[in-house]
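Enquirer: One structure follows; several queries about it will come next.
The values are calculated or read from the model by the stated rules, or taken from the named source; none is laboratory data. Predicted, not measured: the structure shown is a model, and the values here were computed from it. Cβ coordinates were reconstructed from backbone atoms using ideal geometry, including for glycine residues, and neighbour counts include every protein chain displayed. What goes into the accessible areas is simple: the full protein's heavy atoms, side chains included, and nothing from ligands, DNA or RNA. Shrake-Rupley method; radii C 1.70, N 1.55, O 1.52, S 1.80 Å.
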Amino acid sequence: MDTTPHPRTEIRWLWLLCATILAMAASTGGEAKERIAVLTLESDGGLTEDQLVYLTDKIRMEARHALAADQWMVMTRESILVLLEQNASDLAACVGQCEVETGRLLGAQYVTVGNIARFGDEFRLMMRCYDTQSAELVAVEEVVASNDSELAEKLGAAASRLFSTGLGGGGTTDEVRTAEVRTVPIPDDYARVQ
């Protein structure tokens with residue numbers, strides 16, 4: 001039995017593939033969306049791996065709400081894991097903080113990372129968003145909470161601010177909450193750098 005495909009069958013498949021690609025391009029307006037990767041939060045203690053995954057997914061959810069869907073593609077946890085596995089040897093060569101390089105390897109224009117530390121009775125989460133091309137820190141938000149439930153509760157508003165103010169927002173968030181800005185006085189005996 002001959003298993004060689006008929007030339008007309010190959011041409012039909014090629015036309016179908018081209019039509020599918022054109023339809024996908026037309027549905028997105030032909031313009032590429034900006035990609036943002038939210039890497040799994042890290043913790044110095046006090047939270048389980050499942051809690052870190054949940055909190056990270058909550059940040060992704062807020063990114064989806066705060067950023068315009070026609071302009072932004074928020075990478076899923078699964079797609080990030082697959083791409084990280086494929087680039088494991090490149091990441092192994094990283095020394096120190098590799099957030100920006102990881103974002104580049106994922107093909108993301110922006111990468112969001114965060115660390116949760118325990119200070120006495122408080123959890124402190126510091127979220128940072130970087131432009132992967134310039135390595136510029138474009139936004140930072142901090143969440144302070146007395147327990148893990150309060151941390152999860154406060155995380156949504158902070159993540160919304162991070163994406164709305166740092167990346168221009170444009171999503172479906174009903175209200176953009178502004179961060180409290182505090183001016184810290186410089187002591188008189190502080191050595192000034194000339």
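Enquirer: Which of the residues spanning the range 110-127 are on the phi < 0 side of the Ramachandran plot and surrounded by fewer than 20 Cβ atoms within 10 Å (Cβ to Cβ)?
Expert: ASN115, ALA117, ARG118, PHE119, ASP121, GLU122, ARG124, MET126
Enquirer: Now for a different question. If you take just the helices (runs of 4 or more DSSP H) that sit entirely in the range 1-105, which of them hold at least 1 residues that are at pLDDT 85 or above?
Expert: 49-66, 77-86, 99-105
Enquirer: Which of the residues spanning the range 135-169 are more than 16 Å from the chain's Cα centre (by Cα) and small (Gly, Ala, Ser)?
Expert: Within the range 135-169, ALA145, SER146, SER149, ALA152 meet the criteria.
Enquirer: Taking the range 128-156 as the region of interest, how many residues are β-branched (Val, Ile, Thr), open to solvent by less than 20 Å² (accessible area, probe 1.4 Å) and in a strand (DSSP E or B)?
Expert: Residues flagged as β-branched (Val, Ile, Thr), open to solvent by less than 20 Å² (accessible area, probe 1.4 Å) and in a strand (DSSP E or B) within the range 128-156 amount to 1.
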